[in-house]
Amino acid sequence: MSETNASTGAVAARVAILMGSDSDLGVMLEAARVLNQLGIGWEIRALSAHRTPHRVAEYVQGLEARGVQAVVAGAGGAAHLPGVVAALTPLPVIGVPIKSAALDGLDSLLSIVQMPPGVPVATVGIDAARNAGILAAQILGAGDPEVRERVRRLKAEMAASVEARDAALPERARRELEAR
Ligand code: AIR
């Protein structure tokens, strides 16, 4: 169900996954994982708003021409990457605050969510890269019924899993009480 480029056979990237450092990869992989589940192509880069600002600008300026439709950007600490990307492109940007050692990610969250009027970044929870991937798919799905249908199926699977766990809960509660 992946969307492949007819001439190269490669999956065309519709979502760009960015991060401030490759040390964010463990978290940001969850965005890639759910986009794979939904058959949506992605590309991935580590670019820093502070350490490599010119590379960020250069990269963001090429996104539209390559057919990228949404950006998921994660950063930790003074997490300015999502905001800088949003300043440079009309594409929607979803920010992922990465949990930091010093302040548990509250610094990242506030850096990403408190954007000035006129430059929004859709911010998900701390380390919530999977949600960012789903939201990117939902944004694409607003104009693409096939993607919308895949998101609908993902939600139906989630509901079925919750219902199965609910059905198993009384028996599980009895067993856990007996084991104590
Ligand atoms: N970071 C990198 N450039 C600017 C910022 N805010 C963030 C990264 C990472 C954290 O700094 O997103 O979460 C630590 O990066 P590193 O490379 O030292 O591990």
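The values are calculated or read from the model by the stated rules, or taken from the named source; none is laboratory data. In this text, all values refer to a predicted model and were calculated from it rather than measured experimentally. Reconstructed Cβ throughout: ideal geometry from the backbone, glycine too, with neighbour counts over all protein chains shown.
Quick notes on this one:
- Flag if Val119 is under 23 Å from Thr52 (Cβ atoms), assigned to a helix (DSSP H, G or I) and either without any contact (Cβ under 8 Å) to a residue 12 or more places away in the chain or β-branched (Val, Ile, Thr) (or both): no
Residues are listed down the side, and each one gets a yes or a no for (1) of a type in the set (S, T, N, Q); (2) touching an Asp or Glu at 6+ places or on another chain (Cβ under 8 Å); (3) surrounded by fewer than 24 Cβ atoms within 10 Å (Cβ to Cβ); (4) closer than 16 Å to Met28 by Cα:
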residue: Gly76; (1), (2), (3), (4): no, yes, no, yes
residue: Ala79; (1), (2), (3), (4): no, yes, no, yes
residue: Ala87; (1), (2), (3), (4): no, no, yes, no
residue: Ile94; (1), (2), (3), (4): no, no, no, yes
residue: Pro97; (1), (2), (3), (4): no, yes, no, yes
residue: Ser100; (1), (2), (3), (4): yes, yes, yes, yes
residue: Asp107; (1), (2), (3), (4): no, no, yes, no
residue: Leu110; (1), (2), (3), (4): no, no, yes, no
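- The set of residues in region 1-21 that are among the β-branched types (Val, Ile, Thr) and at pLDDT below 60 contains only Thr8.
- Applying a threshold of 6 Å to beta carbon distances and a minimum spacing of six or more residues, or different chains, the list of pairs starting in region 76-102 at a residue that is without any contact (Cβ under 8 Å) to a residue 60 or more places away in the chain and in a helix (DSSP H, G or I) and ending at one that is of a type in the set (A, V, I, L, M) and within 9 Å of the ligand (Cβ to nearest atom) reads Val84/Ala49.
- Per-region count, region 22-74, residues of a type in the set (Ser, Thr, Tyr), near the ligand (Cβ under 9 Å from one of its atoms) and either more than 19 Å from Met115 (Cβ to Cβ) or buried (at least 19 other Cβ atoms within 10 Å of the Cβ) (or both): 2
- Taking the criterion of being among the charged types (D, E, K, R), touching a residue at least 60 places away in the same chain (Cβ under 8 Å) and closer than 19 Å to Pro92 by Cβ, the residues of region 122-179 that qualify are Arg130, Arg150.
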